[in-house]
Amino acid sequence: MGAALPNLVGSEAPRWSSLAEDTDTESGTLREEDRMTNIEHGRSSEAHAHVEADARKLAAPLLRLDLAQELAEVRRGEAYREHGHNAKTLARYPDLRLVLIALAEGHRIAQHQTKGRVSIHVIEGKVTLKLGAEQVELAAGCLLEVAPELAHDVEALAPSALLLTVAWPAALAGTDAR
């Protein structure tokens with residue numbers, strides 16, 4: 001049996017980042033064009049805090065993560081306690097994002113779309129995705145791929161955890177592909 005993989009995501013205390021740069025200063029509301037970028041970056045679109053790992057640990061040749069531990073941290077966050085949802089970016093590369101999202105029952109992520117291809121893996125719970133007139137229900141263990149530019153929203157039918165993967169085409173890698 002081979003040697004154990006190193007845990008390249010350390011155990012330092014999380015850093016909290018502000019959404020102020022994405023908020024309309026006059027109304028205090030989130031600009032629509034920033035909603036999906038916030039989700040892709042693991043930031044809540046309604047709460048003003050997000051657990052974010054040390055930036056140097058978001059991109060490495062090898063990342064080993066304990067999803068149960070990461071999810072517990074996300075659910076302990078103020079945004080989850082106060083607003084029923086929170087997210088954490090687990091990996092950030094120019095062409096790929098991995099975001100862990102926790103949604104309390106009845107909470108939703110408003111309609112959005114991205115230029116990248118998205119996969120949504122339900123780790124816990126049950127969610128409904130609305131894709132235009134179509135509605136898709138996903139339970140724990142299910143995975144759905146969403147084509148680029150396909151508008152969708154997500155609602156938790158039970159306390160849920162999702163692993164969101166966003167991949168951008170090579171032409172968009174390294175840009176802020178919304």
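The values are calculated or read from the model by the stated rules, or taken from the named source; none is laboratory data. None of these values were measured; they are calculated from a predicted model. Reconstructed Cβ throughout: ideal geometry from the backbone, glycine too, with neighbour counts over all protein chains shown.
Some values worked out for this structure:
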quantity	calculated
Filter result (closer than 12 Å to residue 155 by Cα, at pLDDT 95 or above and within 13 Å of the chain's Cα centre (by Cα)) within segment 102-121	102, 103
Test: residue in segment 144-157 that is under 15 Å from residue 100 (Cβ atoms), at pLDDT 95 or above and surrounded by 15 or more Cβ atoms within 10 Å (Cβ to Cβ)	yes
Hits in segment 133-164 - residues which are in contact (Cβ under 8 Å) with a residue 40 or more places away in the chain and in a loop (DSSP other than H, G, I, E, B)	151, 157, 158, 159
